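The values are calculated or read from the model by the stated rules, or taken from the named source; none is laboratory data. None of the values given here were measured: they were computed from a predicted structure. Please note: Cβ atoms are built from the backbone with ideal geometry, for glycine as well, and neighbour counts cover all protein chains shown. To get the accessible areas, we keep the full protein, side chains included, count just its heavy atoms, and leave off ligands, DNA and RNA. Shrake-Rupley method; radii C 1.70, N 1.55, O 1.52, S 1.80 Å.
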Amino acid sequence: MQGISSLTPALVLLFLFVLLPIGYGFFVSLHEFDGFGPMKWIGLENYSIILSRDMVFRQALLNTVLFAVGVVIGKNVIGLALAFLVNQPLKGMTVFRTAFFLPVTMNVLVIGSFWTFFLSSSNGLLAETLRALGLEALAIGWLSDERFALLAVIGVEIWRWVGLHMLIYLAGLQDIPEELYEVARLDGASGWTLLTKITIPMIRPIIFVSTLLALMGAFVRNFDLVWVLTRGGPGTASEVVLTRVYNEAFQFGRLGRASAMGYILFAIVAVIAFVYVRQARSGRVDY
C-alpha cells in the first residue's frame with residue numbers, strides 16, 4: 001500500500017499531462033471545431049476526408065516519409081563516419097568533436113537565418129562561391145526551388161543533429177576492448193574485416209538506439225526547421241505533416257481536422273516504432 005501511495009503523484013501527473021491531453025485531442029478530432037465556437041459532432045468524418053480527399057495531406061505524408069528516410073540514413077552513416085574520425089588518437093580531436101557538436105546547441109532560428117542566407121540564389125554565400133568557380137548552373141535557390149527544397153531541408157537537418165549521433169557512436173566505439181582488434185590484426189584481418197566482424201557487431205545496441213532516435217525525431221520533431229526554412233514551400237514541395245497540421249489549425253481554423261491529422265501521424269509512428277523494436281528483439285535488425 002505504501003508503494004502505491006508513493007506512486008500517486010507520478011500517476012496524477014501522468015494522467016493530467018499525458019493521458020488527458022491525448023484523450024481530449026482524440027475527442028476534438030471527432031468534431032468540427034474552429035477553436036472558438038461550439039463543437040459539432042461529426043464522428044470519423046475528419047479522418048475520412050483526410051484519407052480519401054486531402055491531396056495536400058498525402059503529399060505532406062509522402063514528404064515526411066522521404067524526410068525520415070533521408071535523415072535516418074544521413075545521421076547514422078555520417079555520424080558513424082565522424083565517430084571513427086574523432087576517435088583517432090591525434091592531437092586536437094577535442095576541437096573537432098566540439099565543432100561537430102556545436103550545431104546541436106544552436107537555436108533553430110539562428111540555424112534558419114544562416115542557411116536561408118547561405119542557400120539563397122541572389123546573394124547567398126554558396127551561390128556566389130559557385131559563380132566564382134564558373135558553376136553558374138548550380139547557383140540556384142536550393143530552398144526556393146521545388147526540385148531541391150526538401151533535399152535542402154534534409155541536408156540542414158542532418159547537419160544540425162549529426163554531432164549528437166557522432167557522440168553516441170563515439171561512446172560505443174570507445175567501449176570496444178582494444179584487445180579484440182589486436183588479436184584480429186595478429187591473425188591478418190583487414191580493415192574491412194575489423195569493421196564488419198568486430199566493430200559493427202559490438203555497437204549493434206548503439207545502432208539501434210541511434211536509429212530509433214533519428215526515426216522518431218524525423219517524424220515528430222521536424223516542424224521547427226521546416227517552418228523557419230521554407231514554411232512547407234515552395235507550394236507543397238517541402239510540406240510535412242506537422243506543417244500541414246499547423247496550417248489546418250491556425251490558418252484555416254479547422255482544429256478538429258488538424259487533430260485528426262495528428263492522430264493519423266501518431267498511429268503511423270507508433271506502428272513503425274513497434275515493428276522496429278519487435279524486429280530488433282527478434283534479432284532481425286541491428287540491436
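Considering only residues of region 142-162 that are surrounded by fewer than 21 Cβ atoms within 10 Å (Cβ to Cβ) and touching a Pro at 6+ places or on another chain (Cβ under 9 Å), which is nearest to residue 107 (Cα to Cα)?
160
Can you tell me which of 201, 234 is of a type outside the set (A, V, I, L, M) and assigned to a loop (DSSP other than H, G, I, E, B)? Give the steps one after another, and end with the answer.
Numbers: 201 fails: assigned to a loop (DSSP other than H, G, I, E, B).
One residue alone meets the criteria, 234.
Within region 60-98, count every residue that is β-branched (Val, Ile, Thr), surrounded by 15 or more Cβ atoms within 10 Å (Cβ to Cβ) and out of contact with any Phe, Trp or Tyr (no Cβ under 7 Å at 6 or more places or on another chain).
Result for region 60-98: 4.
Kindly indicate whether residue 210 is assigned to a helix (DSSP H, G or I) and within 23 Å of residue 55 (Cβ to Cβ).
Judged against the criteria, residue 210 is not a match.
Can you pull out the residues in region 96-133 that are modelled with pLDDT of 90 or more and of a type in the set (A, V, I, L, M)?
99, 102, 104, 106, 108, 109, 110, 111, 119 - these are the residues of region 96-133 that are modelled with pLDDT of 90 or more and of a type in the set (A, V, I, L, M).
Residues of region 31-59 being open to solvent by less than 40 Å² (accessible area, probe 1.4 Å), in contact with a Lys or Arg (Cβ under 8 Å, 6 or more places away or on another chain) and over 22 Å from residue 239 (Cβ atoms), which ones?
31, 33
Looking only at region 212-246, which residues are surrounded by 20 or more Cβ atoms within 10 Å (Cβ to Cβ) and of a type in the set (Lys, Arg)?
Listed by number, the list holds a single entry, 244.
Which of the residues spanning region 181-201 are under 25 Å from residue 78 (Cβ atoms) and open to solvent by less than 90 Å² (accessible area, probe 1.4 Å)? Full working, then the answer.
Of region 181-201, the ones under 25 Å from residue 78 (Cβ atoms) are 181, 190-201.
Correct list: 181, 190, 191, 193, 194, 195, 196, 198, 199, 200, 201.
List every residue pair whose Cβ atoms sit under 8 Å apart, with the two residues 6 or more apart in sequence or on different chains, where the first one lies in region 124-137 and is crowded, with 16+ Cβ neighbours inside 10 Å and the second, anywhere, is not in a loop (DSSP other than H, G, I, E, B).
124/117; 124/118; 126/118; 130/136; 130/138
Got a sec? Which of 142, 192, 227, 161 is of a type outside the set (Gly, Ala, Ser) and not in a helix (DSSP H, G or I)?
Only one candidate passes the filter, namely 142.
For region 243-287, how many residues are in contact (Cβ under 8 Å) with a residue 40 or more places away in the chain and of a type in the set (A, V, I, L, M)?
Within region 243-287, residues that are in contact (Cβ under 8 Å) with a residue 40 or more places away in the chain and of a type in the set (A, V, I, L, M) number 13.
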